[in-house]
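Worksheet for the structure shown next.
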Amino acid sequence: MGQAPVSALAAQFNKSSFGLTPSNPQIQFPAPIGPGASAPFSLPLVANPQLVDAATPPNLGLQIAIKNMHTASIFYFAMSEASFPMWTVFAADGQLEKQQFINTWKAIDDSLEVNATVSDLPNANIDVITQKLAAHNVFYIARRPVPDKPGQEVVYFSIKTVTAIQFLLELTFKEGVPMCKVCVKTQSQPYAELVKSAVEAIIKKP
């Protein structure tokens, strides 16, 4: 950015899997920031359908350009997938009605399921896990015992991304066992692995 104090920046994002871009690209600091100094700032993001990159496999990486509005110099950098949790693109309006969930589940072929087993859960209590998921816009639909399997229960949830991709989630628990089985169903199967990994990370939080 040079040796001149920085008073204003502008941010621009390249196309990405979820079309994220700043809601306001201008970053104005209350006072100029001198060389070697720093100042906190926030950059709220929104999803822009025109910036969705459908040509590459789904990923959580971001490519960003920052421009110094005083010197016109531009700095390019990338955010890795590790610094951008998938649940940050889970939408707040992702809850389905129970019957809608059932109809959608039946409409998705079982071959599109993505499954995993999560072991060593810090807490396998269904109510606790439901609260963890709710805090990340993963919405409870229903729970029921597994027929002919005493002590086992399945719990269903719905998820929608800010780009309106719908996911259905099934978690299976066995009483007294610190693990669960995860099943993700979606018509947008290339995204299922990202959601599965996000769900695993959420339920394994302390």
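Considering region 105-122 alone, what residues qualify as being open to solvent by 60 Å² or more (accessible area, probe 1.4 Å) and either more than 17 Å from residue 185 (Cα to Cα) or of a type outside the set (Gly, Ala, Ser) (or both)? Talk me through it step by step, then tell me what you get.
Kept after step one, since they are open to solvent by 60 Å² or more (accessible area, probe 1.4 Å), are these residues of region 105-122: 106-107, 109-111, 115, 117, 120, 122.
Correct list: 106, 109, 110, 115, 117, 120, 122.
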Selection count, region 181-203, where residues are open to solvent by 10 Å² or more (accessible area, probe 1.4 Å) and assigned to a loop (DSSP other than H, G, I, E, B): 2
Residues of region 123-152 classified as open to solvent by 50 Å² or more (accessible area, probe 1.4 Å) and assigned to a loop (DSSP other than H, G, I, E, B), total: 7
All positions within region 164-179 that are open to solvent by 40 Å² or more (accessible area, probe 1.4 Å), over 24 Å from residue 123 (Cα atoms) and part of a loop (DSSP other than H, G, I, E, B): 164
Extreme residue, farthest from residue 28 (Cα to Cα), among residues of region 54-69 that are within 17 Å of the chain's Cα centre (by Cα) and among the hydrophobic types (A, V, I, L, M, F, W, C): 60
Only one of 41, 75, 29 that is more than 23 Å from the chain's Cα centre (by Cα), open to solvent by 90 Å² or more (accessible area, probe 1.4 Å) and of a type in the set (A, V, I, L, M, F, W, C): 75
Per-region count, region 78-104, residues of a type outside the set (S, T, N, Q), surrounded by 14 or more Cβ atoms within 10 Å (Cβ to Cβ) and more than 15 Å from residue 18 (Cβ to Cβ): 3
Pair list, Cβ under 6 Å, 6 or more apart: region 27-45 residue without any contact (Cβ under 8 Å) to a residue 40 or more places away in the chain, other residue open to solvent by 90 Å² or more (accessible area, probe 1.4 Å) and outside any strand (DSSP E or B): 27/41; 35/3
Close pairs (8 angstrom Cβ cut-off, 6 or more residues apart or separate chains): farther than 15 Å from residue 156 by Cβ in region 99-120, among the small types (Gly, Ala, Ser) and open to solvent by less than 90 Å² (accessible area, probe 1.4 Å) anywhere: 112/192; 114/192
Every residue from region 14-26 that is more than 10 Å from residue 46 (Cβ to Cβ), part of a loop (DSSP other than H, G, I, E, B) and open to solvent by 70 Å² or more (accessible area, probe 1.4 Å): 14, 15
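The values are calculated or read from the model by the stated rules, or taken from the named source; none is laboratory data. What you see is a predicted model, and the numbers here were worked out from it, not measured in a lab. All Cβ positions, even for glycine, are placed from backbone atoms using ideal geometry, and neighbour counts span all protein chains on display. Ligands, DNA and RNA are stripped out before the accessible areas are found, and what is left, the full protein with its side chains, is counted by its heavy atoms. Shrake-Rupley method; radii C 1.70, N 1.55, O 1.52, S 1.80 Å.
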